[in-house]
Amino acid sequence: MDDPDLLKRAFNAVQELIARDLILAGHDRSDGGLITTLLEMAFAGNCGIDVSISSAGAIHELPLLFAEELGFAIEYLPENEKEIISVFESFSVPYEIIGKTVREKTIQIKLKPATRNPQPATLLTEDMRVLRSIWEETAYQLERLQANPECAEQERDACFNRPGPDFKLSFDPEDTPDVLLESDARPKVAVIREEGSNSDREMASAFFQAGFDPWDITMTDFLEGRAGLSDFRGLVFVGGFSFADVLDSAKGWAGVIRFNNRIWDEFQEFYEREDTFSLGVCNGCQLMALLGWVPWQGLEDTAQPRFIRNISGRFESRFSTVGILPGPSIMLKGMEGSVLGIWVAHGEGRAYFPDKGVLEKVERDGLAQIRYVDDNGGVTMKYPFNPNGSVAGIAGLCSPDGRHLAVMPHPERTFLKWQWPWMPEDWKKDLRASPWLRMFQNARKWCG
C-alpha cells in the first residue's frame, strides 16, 4: 500500500455512498484481481455483465485483469451515477466507469486500447452459467464427499439456471397498532427453553412487538415450582439443541415433560384449555411432535409423525422459500397464498410419517400449511429448495382446531425486514413491516 491516506479516503467515500443508499453491490479486488471480482459479482447476482476496461498504458492485459492491488468494484443504478461521481471526487478518490449489468447471462469483457483505434479487443465472451460451474466445481466435488451425493447433484442442476425466488404476498403487512403496544393488559406468553436452547430472545422480541407480555421460563422453573402455566395464554417452545440432541432432536427435552407426572399434567391442562395457543419452532417443533401435540393427540407412538435426520445427512442453514396453504392455524390466518423467504437451521427437520393414513388425513384437513416450494412457487421435494427431504414439502404441522402450531423454519428470525438477506426492491421500499410479523399479530388478535 503506497498511499495509506488514499485507502482512508476510499473507505470514507464508500461509507458515504452506503449512508445515501447508492450502492447495490460491491466487491474488493484482493483475491484473483479485477476479473475475478467482476465474475463473482455476476455469479452472485445471477446475471451477465458488459465490461470495457481502459488499458491505461498497460503493456499486457493479464496484469490489468489479475493484479491483486487495492481496489473495489461497485454496482449502482444509472440514475445515481452523477451523485456517486461527485462523492468520489469530493474525497479525491480515482475511479473508472467500466460497464454495466445485463439481464442476459453472458459475460463480455473488452479492453479499450490506449491508442486512437476505437475498436476494443474482446478478452472474454462466455455464458455466465458455464463459468460459474467451473468456479463451483471444487466446492461441488467436496460437497459430494461431505453430504449425500444425490443432494449435491440436485443442487448443482437446480442452481445452474434457476430464476431466483418469486415471493408473493396475499396481505398487507402492517406494524402493530400503538394501542396494543402501549396497553397494560398484554396477554402473557411463556417463552420456554431448556439446556441448549437458542432464539429465545428473538422469539420474545417477536411476541413483544405483537403486543404480548413475554416471559422467559426454563424447564427448571417448572421442575422446582417457580413457574406455572395457569396464567398464560400462549406457550412457545424455542429452537436450539436441547441436551445437545444426543438422544436425537428434542428427545431429552420431551423426556423431562413426559416422564414427570406433575409436569405432564400441567402441560396437558394447558393444551386442552380452549383459550390457549402454542408454537414450537425448530427444536420446539420436534418437541411438539414427540409430545403428540401435533397433528393431534391420541396417536400411538408407532404412528406419531416426527422430524428425523435431513436427507442431505448434514445440518442445513439456508434462507429457504415456503408457501402458505389454506388450513386452520390461527397464527397463519389471512396469510394463505403467500410465498415467503424464511431461515432454516436444523439437522433433523425431515417430516416423517410412519403411518400413510395419518399423512393422508394431514393433507386432506390442511394440517400442513407451511410447505417448502421452488422458485416457481410449487411444493417440492427437490434439494436444496426442500432442505431436508420432507415428504410433500411439509415444513410444519398444526392441530385440527388451529391452536397449536409446530414449524421447523424460524419465523422469529425474519419478523423484522432487516433480518431478510434478500427481498424484492418494492417490498424494501413499500412494506411497513416484515410479513412474518403477521403470525404473531394473528395470535394477539385471537387472544382478544
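Filtering the stretch 1-59 to residues that are more than 28 Å from Asn161 (Cβ to Cβ) and among the small types (Gly, Ala, Ser) leaves Ala10, Ala13, Ala19, Ser30, Ser54, Ser55, Ala56, Gly57, Ala58. Filtering Arg186, Arg162 for residues that are part of a loop (DSSP other than H, G, I, E, B) and modelled with pLDDT under 95 leaves a single hit, Arg162. Can you say whether Gly228 is in a loop (DSSP other than H, G, I, E, B) and either among the small types (Gly, Ala, Ser) or crowded, with 21+ Cβ neighbours inside 10 Å (or both), as far as the supplied structure shows? So Gly228 passes the test.
Checking the stated criteria, Ser390 turns out not to satisfy the condition of being within 19 Å of Leu332 (Cβ to Cβ) and touching a Leu at 6+ places or on another chain (Cβ under 6 Å). Based on this model, can you work out whether Ser183 counts as surrounded by fewer than 14 Cβ atoms within 10 Å (Cβ to Cβ) and assigned by TED's automatic domain parsing to the domain that holds Gly313? Considered against the rule, which asks whether it is surrounded by fewer than 14 Cβ atoms within 10 Å (Cβ to Cβ) and assigned by TED's automatic domain parsing to the domain that holds Gly313, Ser183 comes out as yes.
Within the stretch 34-50, none of the residues are among the β-branched types (Val, Ile, Thr) and exposed (fewer than 15 other Cβ atoms within 10 Å of the Cβ). The listed residues are Ala158, Ala204, and the only one of them that is closer than 21 Å to Ala345 by Cα, without any contact (Cβ under 8 Å) to a residue 24 or more places away in the chain and surrounded by 16 or more Cβ atoms within 10 Å (Cβ to Cβ) turns out to be Ala204. Of the strands (runs of 3 or more DSSP E) lying entirely inside the stretch 247-325, those containing at least 2 residues that are closer than 22 Å to Ala204 by Cβ and small (Gly, Ala, Ser) are 277-281. Can you tell which of Ser199, Ser205 is touching a strand residue (DSSP E or B) at 6+ places or on another chain (Cβ under 7 Å), of a type in the set (S, T, N, Q) and under 18 Å from Phe415 (Cβ atoms)? Ser199 is the lone residue from the list that is touching a strand residue (DSSP E or B) at 6+ places or on another chain (Cβ under 7 Å), of a type in the set (S, T, N, Q) and under 18 Å from Phe415 (Cβ atoms).
The values are calculated or read from the model by the stated rules, or taken from the named source; none is laboratory data. Fair warning: this is a prediction, and the values are worked out from it, not measured in the lab. A quick note on method: Cβ atoms are made from the backbone with ideal geometry, for glycine too, and the neighbour counts reach across all protein chains shown.
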